[in-house]
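Engineer: Dropping a structure here in C-alpha cells format, bear with me for questions.
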Amino acid sequence: MPVTETHCPYCALQCGVALAPQRTSVRLEPTDFPVNRGGLCAKGWTAAELLDHPDRLLTPLVRKVPGDRTSPLREAGWDEALTLVADSIESIQRRYGRDSVGAFGGGGLTNEKAYTLGKFVRVALRSASIDYNGRFCMSSAATAANRSLGVDRGLPFPVADIAGARTVLLAGANPADAMPPSMQYLDAGRAVGAKHIVVDPRRTATAAGSYLHLQPLPGTDLALANGLLHVAVREGLVDEAYIRDRTTGFESVRAATNSYWPGRVERMTGVPEASLRETVRLLATNGPAMILTARGAEQHSNGTDTAQAYLNLALALGLVGRPHSGYGTITGQGNGQGGREHGQKADQLPGYRRLDDPAARAHVAAVWGIDPDELPRPGRSAYEMLDRLGTDGGVRALLVLASNIVVSAPHANRVTDRLNALDLLVVSDIFLSETAAMADVVLPTAQWAEEDGTMTNLEGRVIRRKRALDPPADVRTDLQVLAELANRLGRGRYFSADPRTVFDELRRASAGGIADYAGITYERIEAERGVFWPCPAEDHPGTPRLFADRFPTADGRATFVRVEHRDPAEVPDRDFPYVLTTGRNMQQYQSGNQTRRVHALTVALPEPRAELHPDLARRHGIADSDMVELRSRRGRAVFRARLNPGIRPDTVFVPFHWVGANLLTNPALDPHSKMPAFKACAVAIAASTEEPSTEEPSTEEGIIQ
Ligand code: SF4
C-alpha cells in the first residue's frame, strides 16, 4: 500500500508521521521531519487508533423531537440535517438579526478550514459573531507580541535553535509532558553545558531536569519578571546599546521596575532573592539565551502584561533577533498558529489583518468579491460570546467546529447553562464530545488522515496535512459542509470545498498582511519540508528567523510597554484558602475528546488526579489516592488525590482534559486579550467519599441507532 507522509493530529509541534493503510488497520511511524527527527510521544504513536474507532460518528444526528434536547439523538441523512440547519439559521436571523447566528472554531482546524469558517460567518451568515478556542490558549502572548514586536509568530526561530542556547528560561512551560519530542533540543543543549531555568509552581518533569527551578505562587509571574529586570538594571546587565539602537520606551519600564526590589519580589512570589539574581546573571552573561513562555504564565487575568514583562526582560537583555537567542511562546494546539492568523478571531481578517482597518477590509472584500461595507464589524471574544448565548442581543444559534466547549471553557456550569439556552446548537466533530451530546444537530466530519490541507506549526512553518485514506462513506469534510450550507443560504458562489482552491484564495487574501502566505504553494511545502511565513512571493525563501535586522513595526524598533503587577482576579481568603492551577498530562490532549478514547492512553492515565502537597493533604486528612473535593465560587468537583512533594503547599493542580477542572476556574478576562484566568483561582479542599466527577465519553448514550 502507498505510504503517505503527513503530521500527527495533535499538538503544535506537528511531528512528521508516515501512514500506510493495511488491510484492517493503518500503520503509523515517525518520520525524520525537522521538528521531531524520528521522535513521537505516546499520543502520536497511537493516533491511528482514532481512524476506525468504534465511537466514530458515521452519520448526521438530529433530535427525535425537533427542538427538544431531552429527546434522544437519531440518525439522519445529510439533506435532512443541513436543511434543518439552514432553515433554522434563516428563521433565527429573520427574528433576531444577523448577529444572532454565530460560530465557534478551533485551533485544530486546518488553515483552509479556519479561513473558510471566518469567511462563512462574514459572507454567508453576514454576522459579527465568531471566535474560537485559541482565545483560551494563545491570545495573551499574541497580544503582547503584536504590540511589542509588531508580529505574533509563536517561535520567531526554528525549534531546533533551542539546542544552541546556553541559557533557557521556560516560564509556565512543561514540554517534557506537553510535547516530549521537543525535549531533544533542550537535552542537546544540556549535553554541552546549557543551563535551563524553569518557572512553575510544580516540580514538573521539565523542572526536574533543569538547573534551577523557581516556584512562584500562581498569578505572580509578572512581579517575578519585573523583579528579574530590576536586578538586571541594578547590576548593570541590560544591553544599553541594543536598547538604544533597536527599541523604544525603555525609560518608563526602567522606572517601573524600581519598586520590584528582590526582597519585595521574594515576598510576593515566594522565589528566593538568590535565585532571582542567579537567573538574571545566567540570562545576561551565559548566552546565547532564550526566554520561552507558555500557558502557565499567560492564562491569567493579567496574561498579556505578564507575557509583556518577560518580553521586556528579553529586550532589555538584548536577546531578541540574535542567533539561538530571543523570546518565544510555545503554541499548544495543532494549528494554534495558523488558526489565529486567518480570520476566525472576532476582530480579524485573513493574513492577521484587523477587521476594523479600512484598508484591510477593502483588500479582503476584493478577494472575496463583495463590497467592503458588507463586512460586519468586530464581534465579541470567546467567553463574552458564550456568556451571552440565548440572551437578548446574544447568539441564538451556534455552529461549533473542532471545539469541546463544555470541557475546555472556564466556569463550565455557566457555559453549559448558556448552551442549553440556545435555539439551535450544531456541532461538527468526529466523536460525540460532551458538547456534541448537547447539540440539536451533530455533523460527522472527516479527520486528520482523511483530508488535505495545511497547518502552521509552533515555528510558523506551514506544512501539508495529507489525505492517506478516504473518510467513511457518509462522513464529509468541514469544507464540504460549509460550502453546502452557504449554498442553501444563497451564498454558495463564494465558497469552495476543495482545499487547494481555498488555499490559493487564502494566499491572495493574506498577501501584504502580517502573516503573508502569498508565496507558499502546496508544491513548495512538499519540496522544502514546510515554508516559514512571511513569504510574500513564490521566489521568496520564506522567513525561518525574524527580527535579525528590524522589527515589523512603523519605526522598525521593538516597543517596551510598562506593566505593573496586579493580584489575580481571585485571591485566597478564609473560605477559599488555596490556589487552583490547571494544566496538561502527558497522555492526554486538550479536552480529551480524542485521547480519552485511545486504549493505551487511558490505561496509562485513566482519570485526572488532583495534585497537592503532602503537608496540605495531611492537614485535611487526605492520603494518596483518597478522594478530594475541590470547591470554588463557581462549582465543585471530586478527584482522586495524588500527593506531590514537588508542588507548593498552597497550590492545587488539576489537569483540564476531563470535565472537572473548568467547573472551578474563573472566567475573569484579561482586558487586552480576553483570556480567562484559567491558571489561578481560589478553592477550598476537603476529604470526600464520592466517586470522581468525571465522565468518560460514549457514542452510545442517548442515540437511537
Ligand atoms: Fe503529536 Fe505533539 Fe506528541 Fe508530536 S509531540 S507526537 S505532534 S502530540
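The values are calculated or read from the model by the stated rules, or taken from the named source; none is laboratory data. Note that the structure is predicted; figures quoted are calculated from it, not measured. Positions of Cβ are backbone-derived with ideal geometry, glycine not excepted, and every protein chain shown enters the neighbour counts. Remember, those area values only see protein heavy atoms, side chains included, never the ligands or the DNA or RNA. Shrake-Rupley method; radii C 1.70, N 1.55, O 1.52, S 1.80 Å.
Engineer: Consider only pairs whose beta carbons are under 6 Å apart and that are at least six residues apart or on different chains; among these, list those whose first residue lies in region 180-199 and is touching a residue at least 24 places away in the same chain (Cβ under 8 Å) and away from the ligand (no atom under 16 Å from the Cβ) and whose second residue is of a type in the set (Gly, Ala, Ser) and open to solvent by 10 Å² or more (accessible area, probe 1.4 Å).
Structural biologist: Taking only residues 6 or more apart or on different chains, the pairs are Ala188/Ala163; Gly189/Ala163; His196/Ser210; Val198/Ser210.
Engineer: Something else about it: Go through (1) part of a loop (DSSP other than H, G, I, E, B); (2) surrounded by 20 or more Cβ atoms within 10 Å (Cβ to Cβ); (3) of a type outside the set (Ser, Thr, Tyr) for Pro671 and report which single condition fails.
Structural biologist: Here Pro671 meets the rest and fails (2).
Engineer: Being modelled with pLDDT of 95 or more, surrounded by 22 or more Cβ atoms within 10 Å (Cβ to Cβ), away from the ligand (no atom under 16 Å from the Cβ) and not in a strand (DSSP E or B): is that true of Phe104 here? Give the derivation first.
Structural biologist: Values: modelled with pLDDT of 95 or more: yes; surrounded by 22 or more Cβ atoms within 10 Å (Cβ to Cβ): yes; away from the ligand (no atom under 16 Å from the Cβ): yes; not in a strand (DSSP E or B): no.
So Phe104 does not fit the description; no.
Engineer: Right, next: Name the residues in region 642-656 that are more than 20 Å from Leu386 (Cβ to Cβ) and assigned to a loop (DSSP other than H, G, I, E, B), would you?
Structural biologist: If the condition is that a residue be more than 20 Å from Leu386 (Cβ to Cβ) and assigned to a loop (DSSP other than H, G, I, E, B), then Asn644, Pro645, Gly646, Arg648, Pro649, Asp650 are the ones that fit.
Engineer: A further question on this structure: Residues that are open to solvent by 40 Å² or more (accessible area, probe 1.4 Å) and under 24 Å from the mean Cα position of the chain (by Cα): does region 535-547 have at least one?
Structural biologist: In the first step, residues of region 535-547 are kept if they are open to solvent by 40 Å² or more (accessible area, probe 1.4 Å); the result is 536, 538-541, 544-545.
Next cut, under 24 Å from the mean Cα position of the chain (by Cα) only: 544-545.
For region 535-547, residues open to solvent by 40 Å² or more (accessible area, probe 1.4 Å) and under 24 Å from the mean Cα position of the chain (by Cα): present.
Engineer: In region 26-45, is there at least one residue being open to solvent by less than 10 Å² (accessible area, probe 1.4 Å), of a type in the set (A, V, I, L, M, F, W, C) and more than 16 Å from the ligand (Cβ to nearest atom)?
Structural biologist: Of all residues in region 26-45, those open to solvent by less than 10 Å² (accessible area, probe 1.4 Å) come to 35-36, 43-44.
If we keep only those that are of a type in the set (A, V, I, L, M, F, W, C) as well, we get 35.
Still in the running and more than 16 Å from the ligand (Cβ to nearest atom): none.
Checked region 26-45: no residue is open to solvent by less than 10 Å² (accessible area, probe 1.4 Å), of a type in the set (A, V, I, L, M, F, W, C) and more than 16 Å from the ligand (Cβ to nearest atom).
Engineer: Can you give me the number of residues within region 630-667 that are within 23 Å of Gly303 (Cα to Cα), over 18 Å from the mean Cα position of the chain (by Cα), open to solvent by 10 Å² or more (accessible area, probe 1.4 Å) and of a type in the set (A, V, I, L, M, F, W, C)?
Structural biologist: Matching residues across region 630-667 total 1.
Engineer: Continuing with the same structure: Inspect region 25-41 for any residue being of a type in the set (Ser, Thr, Tyr), over 24 Å from Gly453 (Cβ atoms) and at pLDDT below 95 and give the result as yes or no. Outline the logic, then answer.
Structural biologist: To start, the set of residues in region 25-41 that are of a type in the set (Ser, Thr, Tyr) comprises 25, 31.
Within this subset, residues satisfying the condition of being over 24 Å from Gly453 (Cβ atoms) are none.
No, that holds for no residue.
Engineer: Within region 217-225, identify whether any single residue is crowded, with 22+ Cβ neighbours inside 10 Å and within 21 Å of Arg166 (Cα to Cα), and answer yes or no.
Structural biologist: Within region 217-225, the first condition is being crowded, with 22+ Cβ neighbours inside 10 Å, and the residues that meet it are 217-225.
Now restrict to residues that are within 21 Å of Arg166 (Cα to Cα): 225.
Checked region 217-225: at least one residue is crowded, with 22+ Cβ neighbours inside 10 Å and within 21 Å of Arg166 (Cα to Cα).
Engineer: What number of residues within region 172-182 are surrounded by fewer than 24 Cβ atoms within 10 Å (Cβ to Cβ) and either of a type in the set (Lys, Arg) or not in a helix (DSSP H, G or I) (or both)?
Structural biologist: 1
Engineer: OK, next. Given (1) at positive phi; (2) surrounded by 23 or more Cβ atoms within 10 Å (Cβ to Cβ), where does Arg396 come up short, assuming only one miss?
Structural biologist: (1)
Engineer: Give region 277-301 a look and list any residue that's over 25 Å from Arg246 (Cα atoms) and surrounded by fewer than 24 Cβ atoms within 10 Å (Cβ to Cβ), or say none.
Structural biologist: Arg277, Glu278 - these are the residues of region 277-301 that are over 25 Å from Arg246 (Cα atoms) and surrounded by fewer than 24 Cβ atoms within 10 Å (Cβ to Cβ).
Engineer: Let me ask something else. If a residue has to be open to solvent by less than 10 Å² (accessible area, probe 1.4 Å) and closer than 25 Å to Pro552 by Cβ to count, how many in region 251-276 make the cut?
Structural biologist: 1
Engineer: Out of (1) surrounded by fewer than 17 Cβ atoms within 10 Å (Cβ to Cβ); (2) more than 16 Å from the ligand (Cβ to nearest atom), the odd one out for Leu82 is which?
Structural biologist: Failed condition: (1).
Engineer: Looking at region 1-25 only, could you name the residues that are of a type in the set (A, V, I, L, M, F, W, C), part of a strand (DSSP E or B) and either more than 14 Å from the ligand (Cβ to nearest atom) or open to solvent by 80 Å² or more (accessible area, probe 1.4 Å) (or both)? Walk me through it before giving the result.
Structural biologist: Taking region 1-25 as the starting set, the residues that turn out to be of a type in the set (A, V, I, L, M, F, W, C) are 1, 3, 8, 11-13, 15, 17-20.
Right, trim to part of a strand (DSSP E or B) and you get 17-20.
Of everything in region 1-25, just one residue is of a type in the set (A, V, I, L, M, F, W, C), part of a strand (DSSP E or B) and either more than 14 Å from the ligand (Cβ to nearest atom) or open to solvent by 80 Å² or more (accessible area, probe 1.4 Å) (or both), namely Ala20.
Engineer: Which of the following residues is touching a residue at least 40 places away in the same chain (Cβ under 8 Å) and surrounded by fewer than 20 Cβ atoms within 10 Å (Cβ to Cβ): Ala610, Ala569? Walk me through how you get there before you give the answer.
Structural biologist: Numbers: Ala610 fails: surrounded by fewer than 20 Cβ atoms within 10 Å (Cβ to Cβ).
Selected residue: Ala569, the only one of Ala610, Ala569 that is touching a residue at least 40 places away in the same chain (Cβ under 8 Å) and surrounded by fewer than 20 Cβ atoms within 10 Å (Cβ to Cβ).
Engineer: I'm checking my understanding of the structure. Among residues of region 490-516 that are of a type in the set (A, V, I, L, M) and within 22 Å of the chain's Cα centre (by Cα), which one is most open to solvent (accessible area, probe 1.4 Å)? Before the answer, list the steps.
Structural biologist: Restricting attention to region 490-516, the residues satisfying the condition of being of a type in the set (A, V, I, L, M) are 497, 502, 506, 509, 511, 514-515.
Within this subset, residues satisfying the condition of being within 22 Å of the chain's Cα centre (by Cα) are 506, 514-515.
Details: Leu506: 0, Ile514: 69, Ala515: 0 Å².
That would be Ile514.
Engineer: Then there is this: Please go through (1) more than 16 Å from the ligand (Cβ to nearest atom); (2) farther than 25 Å from Gly512 by Cα for Cys137 and return the number of the only condition it doesn't satisfy.
Structural biologist: (1)
Engineer: Is at least one residue of region 387-398 of a type in the set (Ser, Thr, Tyr) and outside any loop (DSSP other than H, G, I, E, B)? Break it down stepwise before answering.
Structural biologist: The first filter runs over region 387-398 and keeps only residues of a type in the set (Ser, Thr, Tyr), leaving 391.
Now drop any that are not outside any loop (DSSP other than H, G, I, E, B), which leaves none.
No, that holds for no residue.
Engineer: Next up: Just checking, how many residues over region 137-171 are part of a loop (DSSP other than H, G, I, E, B), among the small types (Gly, Ala, Ser) and buried (at least 24 other Cβ atoms within 10 Å of the Cβ)? Please lay out each step first, then the result.
Structural biologist: Going through region 137-171, the residues part of a loop (DSSP other than H, G, I, E, B) turn out to be 137-138, 150-158, 165-166.
Subset that is among the small types (Gly, Ala, Ser): 150, 154, 165.
Next, from what is left, pick out any that are buried (at least 24 other Cβ atoms within 10 Å of the Cβ): 154, 165.
So the count comes out to 2.
Engineer: Now for a separate question. So, in region 46-57, of the ones that are part of a helix (DSSP H, G or I) and open to solvent by less than 10 Å² (accessible area, probe 1.4 Å), which residue ends up farthest from the ligand (Cβ to nearest atom)?
Structural biologist: Taking region 46-57 first, the residues part of a helix (DSSP H, G or I) are 47-50.
From what's left, open to solvent by less than 10 Å² (accessible area, probe 1.4 Å): 47, 50.
Values: Ala47: 7, Leu50: 12 Å.
Only one residue tops the list, namely Leu50.
Engineer: Additional query: Failed condition for Thr304, given (1) buried (at least 24 other Cβ atoms within 10 Å of the Cβ); (2) β-branched (Val, Ile, Thr); (3) closer than 17 Å to Phe120 by Cβ, with all others met?
Structural biologist: (3)
Engineer: Right, something else. Hey, any hits in region 442-449 for a residue that's touching a residue at least 12 places away in the same chain (Cβ under 8 Å), of a type in the set (S, T, N, Q), in a loop (DSSP other than H, G, I, E, B) and open to solvent by 10 Å² or more (accessible area, probe 1.4 Å)?
Structural biologist: Filtering region 442-449 down to residues touching a residue at least 12 places away in the same chain (Cβ under 8 Å) leaves 442-449.
If we keep only those that are of a type in the set (S, T, N, Q) too, we end up with 445, 447.
Next, from what is left, pick out any that are in a loop (DSSP other than H, G, I, E, B): 447.
Okay, now just the ones that are also open to solvent by 10 Å² or more (accessible area, probe 1.4 Å), so none.
No, region 442-449 contains no residue that is touching a residue at least 12 places away in the same chain (Cβ under 8 Å), of a type in the set (S, T, N, Q), in a loop (DSSP other than H, G, I, E, B) and open to solvent by 10 Å² or more (accessible area, probe 1.4 Å).
Engineer: Which numbered condition trips up Leu375, out of (1) open to solvent by 20 Å² or more (accessible area, probe 1.4 Å); (2) more than 25 Å from Thr445 (Cα to Cα)?
Structural biologist: (1)
Engineer: Moving on to the next point. So for region 462-479 (the condition being of a type outside the set (D, E, K, R), in contact with a His (Cβ under 9 Å, 6 or more places away or on another chain), at pLDDT 95 or above and crowded, with 21+ Cβ neighbours inside 10 Å), does at least one residue qualify? Break it down into steps so the answer makes sense when it comes.
Structural biologist: We begin by selecting, within region 462-479, every residue of a type outside the set (D, E, K, R); these are 462-463, 468-469, 471-473, 475, 477, 479.
Narrowing further to those that are in contact with a His (Cβ under 9 Å, 6 or more places away or on another chain): 463.
From what is left, the residues that are at pLDDT 95 or above are 463.
Imposing the further condition that a residue be crowded, with 21+ Cβ neighbours inside 10 Å reduces the set to 463.
Yes: one or more hits.
Engineer: Right, another one. Can you confirm whether region 337-350 contains a residue that is more than 16 Å from the ligand (Cβ to nearest atom) and open to solvent by 20 Å² or more (accessible area, probe 1.4 Å)? Break it down into steps so the answer makes sense when it comes.
Structural biologist: Pass one, region 337-350, residues more than 16 Å from the ligand (Cβ to nearest atom): 340-350.
If we keep only those that are open to solvent by 20 Å² or more (accessible area, probe 1.4 Å) as well, we get 345, 347.
Within region 337-350, one or more residues are more than 16 Å from the ligand (Cβ to nearest atom) and open to solvent by 20 Å² or more (accessible area, probe 1.4 Å).
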